[in-house]
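> Structure in C-alpha cells, see below.
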Protein chains: 2
Amino acid sequence: MTTIRELARRSGVSVATVSRVFNTPEVVSQHTRQRILDLAAEIGYLPNGSARTLATKKSNMVGLVWDTDHRRPGWRHPFLQEILVALKTALSAHGLNLLMLAGHDAAGPDDGQRYVRAVRQHNLDGAVIIDNGTRDPAVLALVEAQVPCVALDLRVDGPTSTYITSDNAGGAALAVRHLVERGHRRIATITGPLRTWPGAERLVGFRAALAGAGLPLADGHVVEGDFYLDGGHAAMDRLLALDDRPTAVFVAGDEMAVGAMRAAQAAGLRIRDDIAIVGFDDIEVAALIPPGLSTVAQNKPGFGTAAAEALVAMLHGGDDPPKPTVLPTTLVVRGTT
Amino acid sequence: MTTIRELARRSGVSVATVSRVFNTPEVVSQHTRQRILDLAAEIGYLPNGSARTLATKKSNMVGLVWDTDHRRPGWRHPFLQEILVALKTALSAHGLNLLMLAGHDAAGPDDGQRYVRAVRQHNLDGAVIIDNGTRDPAVLALVEAQVPCVALDLRVDGPTSTYITSDNAGGAALAVRHLVERGHRRIATITGPLRTWPGAERLVGFRAALAGAGLPLADGHVVEGDFYLDGGHAAMDRLLALDDRPTAVFVAGDEMAVGAMRAAQAAGLRIRDDIAIVGFDDIEVAALIPPGLSTVAQNKPGFGTAAAEALVAMLHGGDDPPKPTVLPTTLVVRGTT
DNA sequence: CGGTTACCTGAAACCGGTTACATTGTCGGC
DNA sequence: GCCGACAATGTAACCGGTTTCAGGTAACCG
C-alpha cells in the first residue's frame with residue numbers, strides 16, 4: 001500500500017502539498033502538481049478512503065435502504081433493477097457510492113435506530129429510501145435524525161429530506177379517460193394498499209377523473225388490494241360477483257392486474273370485450289402476457305436519476321431541500337382495452 | 001459524535017480498555033466490561049467505522065460488481081432481486097455490508113482496473129461478481145489482484161476466488177428427459193450465448209442427455225440465441241423453417257422461451273401439441289404467461305446465500321478457497337409440455 | 001517469604017489522510 | 001532600499017480508533 005507520505009518523500013515535497021494536489025489543485029503550482037500527478041500514476045498511489053473519511057467526516061457514500069416486506073417474504077419491487085441501474089450510474093457520476101444497508105434481518109438490537117446507527121457508523125453522507133409499504137419506524141428515524149434523505153414513493157418531508165414519486169393521480173386519470181373514450185361508463189378500481197402513498201393517490205386520481213367525466217361510482221366498485229397477484233385475483237372475484245358488474249376496471253398495479261385478468265378468464269369472460277382492464281407500472285409481464293396489458297407506465301429510470309440528483313443537490317447545495325419530484329406517467333395501450 | 005476517548009474518560013478507564021471491550025471482550029474483567037457497555041449504551045457510543053478500518057485494514061464491506069451489458073442497455077438479470085435479498089441477508093448476518101461498485105459508466109479513467117481501484121480505495125474485504133456475459137477485463141483484474149472473490153455464473157478460479165453456478169448441464173438433462181418421456185424424438189435447442197458459462201453448459205447437458213436417450217441431433221437443431229426475447233423469437237423462426245422441424249425445443253432461458261412461444265403462435269402452431277417448449281430459469285413470467293411455461297427452475301436465493309457463505313469462508317477461513325458451489329435445479333412442469 | 005504466573009489495565013505509537021497556521025520567497029510600489 | 005501583498009510550500013496537530021508492550025496486582029507454589 002503506497003501512502004501519501006511515500007509519495008511525498010519520492011516527489012520531494014511535504015504531505016500537505018500532495019494532499020492539496022488531490023483536494024485543492026488550484027493552490028499548488030502547475031509545475032509541482034504535474035510532477036506529483038505523474039509520480040502518483042507511476043507508483044499507483046490512491047488516497048485511502050477511510051483515512052480521508054476519518055479526517056473530513058465525509059465518506060462519499062450514501063446508504064440504500066431497501067427492505068423487503070417481512071410480512072411478505074416474497075415481496076419484490078416491481079422495477080428495482082431499473083432504479084438501481086439509474087441510481088448507481090447517476091450517483092457515481094458525482095463520485096458517490098451506494099452502500100446497501102442491512103435491514104430487519106441484521107444482527108444487533110432493533111430499537112428502530114438501525115439505519116441511523118449504520119449511517120453514523122459509516123459516516124454516510126445521505127440515504128436513498130425505497131419504500132416497501134411497511135412504514136418502518138427505522139426509516140422515519142432517519143429523516144428525524146436529520147440525515148439527508150430522499151425517499152421513493154414515500155412521502156417524507158423535513159429540513160433534510162424530500163421524495164420522488166410518479167404522478168399517481170394523473171396516471172390514474174389517464175387510465176380512466178382512456179376507458180371513458182372506449183365507451184365505458186361503469187368503471188371500478190382495484191386499489192393498492194391505501195396506507196401506501198401510491199395506493200392512496202391512485203385512488204384519489206381515479207375518483208377525480210370519474211367525477212370529471214360525470215360518471216358515478218357505484219357501491220362496491222372500489223376494492224382495496226395489496227399489489228400482489230393473488231390479491232388482484234381475489235379483488236376481481238369480488239367485483240365480478242356484483243349485480244352491477246363493471247365493464248372496466250382500473251387496477252392500480254400490474255401484478256394485481258395480471259391476477260385480475262386470470263380471475264376474469266376463470267369466470268369465462270372475454271377480456272376487453274366483456275371486461276376491460278388497465279394496469280399501472282408497465283412491468284415486463286405487461287407486454288408479454290397475451291393479449292398485452294394496457295397500463296400506465298412509470299418512468300422507472302427516472303426514479304433513480306431523480307433521487308440521485310435530489311440527493312446531490314442537498315449535499316452540495318446546502319440550502320433548503322429540493323422540492324419533491326413528480327415524474328410524469330404515460331399511457332400504454334395494449335390488448336386489454 | 002461521541003468518541004472512544006470520551007467514553008473512556010467518563011468510565012474512568014483508558015481508551016485501550018474500551019477498545020478491548022468491543023474487540024476482545026474476554027480479556028477485560030466482567031465488571032469493567034459491563035460498566036463500559038452500560039455507559040456506551042447510555043450515551044449512544046458507536047465505534048467509528050472509518051477509524052476502525054484505517055487501523056485494521058478491514059472494512060467489513062464487500063463490493064458488489066454488477067454491470068449491465070453496455071451493448072444492451074436494457075439488459076436485466078433474470079433474478080437479480082432475489083439474489084440481492086439473499087446476499088444482503090446472509091452477509092449482514094456475518095456483519096458484512098455490501099458496497100455497490102460503480103461500473104463502466106463511472107467517472108475516471110478506465111484502464112481495466114476500476115474495480116481493483118475501488119476495492120483498494122475502500123479497503124474492501126472482498127467482492128461478489130454477478131456476471132453479465134461481457135467478460136469484462138476489469139472483473140478478471142479483480143481475481144488477478146488476489147482480491148477474495150466469488151462470482152456468480154462466471155467460472156473463475158485462483159487462490160482467492162471461487163464461483164457459484166447452477167447445475168446447468170443437469171438442468172438441461174432434466175428438460176430433455178422430460179421431453180423424451182412425453183414421447184418427443186426430434187428435439188432441438190435454442191442456446192444462450194456460448195461464450196457464457198451457463199450458455200455453454202446447458203448445451204453440453206442437452207447434447208449428453210440426447211445421446212443418453214439414444215436420440216439423434218439433426219442438423220440445424222442447435223441455434224445459438226442471446227438470452228433475450230427477440231433472440232428467442234428469431235431462433236424459433238429458424239427452427240420452424242426447417243424441413244425436419246422439431247416437435248420439441250429446449251430453450252436455455254425463459255425470456256427467450258417466451259419469444260419462442262410467440263414465434264410458434266405467430267406461425268399458427270399450437271404450443272405443446274404441435275411444438276413443446278421447456279425453458280430455463282423459472283422467472284416470474286413463466287408462471288404467468290398462458291398456458292404456463294414448463295421450465296428448469298434455478299435456486300435463486302441459493303446464489304445469494306452460497307455466495308455469502310463462500311466469501312465468509314474465504315475471509316475467516318483463511319485457507320484454500322472453497323470449492324465452487326453447484327446449485328441443483330428442478331423441473332417445473334406447466335402447460336407448454 | 002521470594003518468585004512465578006495469570007490476569008487486567010494503561011501509555012503511546014500507529015493507521016493515512018486533512019488543514020490551520022507559520023514560513024519562505026518574489027515582486028511591485030513608494 | 002524597505003515594506004506589504006501574495007503565492008507556494010512546510011510543520012504539526014488532529015480525526016477516532018487498534019495494538020504492542022510494559023506495569024501492577026493478586027494468587028499460587030515451593
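All of the numbers you see were taken from the coordinates with simple rules; none came from a lab. All figures in this text were calculated on a predicted structure; none of them were measured in a lab. Backbone-built Cβ (ideal geometry, glycine too); neighbour counts: all protein chains shown.
> Classify the range B:199-337 from the C-alpha gyration tensor, please: rounded if a/c falls under 1.5, else prolate or oblate depending on whether a/b exceeds b/c. It would help to have the intermediate numbers written out before the result.
Working: a/c = 2.63, a/b = 1.91, b/c = 1.38.
The shape class here is prolate.
> In addition: Provide the three semi-axes, in whole Å and in decreasing order, of the ellipsoid equivalent to the range B:97-243 as defined by the square roots of 5 times the Cα gyration tensor eigenvalues.
Result for the range B:97-243: semi-axes of 39, 17, 11 Å.
> Separate question: Under the rule of at least 5 residues apart or a separate chain, name every residue whose amide H is placed under 5 Å from the amide H of B:LEU327.
Residues meeting the criterion, in which the H sits 1.01 Å from N, are B:THR165, B:SER166, B:ASP167.
> Over its Cα atoms, what ratio of radius of gyration to 2.2 N^0.38 Å does the range B:220-273 give?
With N residues counted in the range B:220-273, Rg over 2.2 N^0.38 Å equals 0.98.
> Follow-up. Per-residue HN-Hα couplings for the range B:171-176, Karplus 6.51 cos²θ - 1.76 cosθ + 1.60 at θ = phi - 60°, whole Hz, x for Gly and Pro?
Running phi through 6.51 cos²θ - 1.76 cosθ + 1.60 with θ = phi - 60° gives x, 4, 5, 3, 4, 4 Hz.
> For A:MET61, enumerate residues with amide H under 5 Å from its amide H, sequence gap 5+ or separate chain, H modeled in the peptide plane.
Residues meeting the criterion, in which the H sits 1.01 Å from N, are A:ASN97, A:ASP125.
> Something else: What is the local net charge at B:HIS221, summed over the other residues whose Cβ is closer than 15 Å to its Cβ (Lys, Arg +1; Asp, Glu -1)?
With Lys, Arg at +1 and Asp, Glu at -1, the neighbours total +1.
> Once every DSSP H run of n ≥ 4 in the protein assembly as shown is given -39500 (n - 2.57) and the sum is divided by its residues, what mean residue ellipticity at 222 nm do you get, rounded to the nearest 500 deg cm²/dmol?
Calculated at 222 nm, the ellipticity per residue is -12500 deg cm²/dmol.
> In terms of the Cα gyration tensor, with a ≥ b ≥ c the square roots of its eigenvalues, is chain A rounded because a/c is under 1.5, prolate because a/b exceeds b/c, or oblate? Don't skip to the answer; put the middle values down first.
Numbers: a/c = 3.00, a/b = 2.62, b/c = 1.15.
It comes out prolate by the Cα gyration axes.
> How many nm separate the modelled label positions at B:ARG177 and B:VAL204, each set 7 Å beyond the Cα in the direction of the Cβ?
The answer from the label model is 1.9 nm.
> Multiply the residue separation of B:LYS58 and B:ALA16 by 0.36 nm, subtract the distance between their alpha-carbon atoms, and state the gained length in nm to one decimal.
The B:LYS58-B:ALA16 span can extend by a further 13.2 nm.
> What nm distances, shortest first, do you get from the label point of B:ALA241 to those in the other copies when the point sits 7 angstrom along Cα to Cβ?
Relative to the other copies, B:ALA241 has label-point distances of 5.3 nm.
> Rank the residues B:HIS77, B:HIS31 as a footprinting-exposure proxy: fewest other Cβ atoms within 10 Å of their Cβ go first. Walk me through the numbers before you get to the answer.
Working: B:HIS77 18, B:HIS31 8.
Ranking B:HIS77, B:HIS31 by Cβ neighbours within 10 Å, fewest first, gives B:HIS31, B:HIS77.
> Now, a different point. Just need the relative contact order of the range A:29-126 here, percent rounded to a whole number, with Cα pairs under 8 Å and 6+ apart.
37 percent
> State, to one decimal in nm and shortest first, how far the label point of B:ASP219 sits from each corresponding label point in the other identical copies (label point: 7 angstrom along Cα-to-Cβ).
7.4
> How shielded is B:89-96 by partner chains, expressed as the average number of their Cβ atoms within 10 Å of its Cβ atoms?
4
> Moving on to the next point. B:ALA93 label points, 7 Å along Cα→Cβ, one per copy: pairwise distances from this copy to the rest in nm, shortest first?
3.9
> Hey, another quick one. Using label points projected 7 Å from each Cα along Cα→Cβ, tell me how many nm separate A:ALA93 and A:ARG71, to one decimal.
About 3.8 nm, to one decimal.
> Classify the protein assembly as shown: rounded, prolate or oblate, from the alpha-carbon gyration tensor (a ≥ b ≥ c, eigenvalue square roots; a/c under 1.5 rounded; otherwise prolate if a/b is larger than b/c)? Walk me through the numbers before you get to the answer.
Working: a/c = 2.04, a/b = 1.38, b/c = 1.48.
In terms of gyration-tensor shape, oblate.
> Express the relative contact order of chain B as a whole percentage, based on alpha carbon pairs under 8 Å and six or more residues apart in sequence. The partial results should precede the final answer.
On the way: 640 pairs, mean separation 54.9, N = 337.
With pairs under 8 Å counted, the relative contact order is 16 percent.
> What is the fewest-to-most order of B:LEU140, B:LEU64 by other Cβ atoms lying within 10 Å of their Cβ?
Listed from fewest to most nearby Cβ atoms, that is B:LEU140, B:LEU64.
> Also, quick follow-up: List the lysines whose alpha-carbon lies under 19 Å from that of A:LYS88, not counting same-chain residues fewer than 8 positions away?
Qualifying lysines at Cα under 19 Å: A:LYS58, A:LYS300, B:LYS88.
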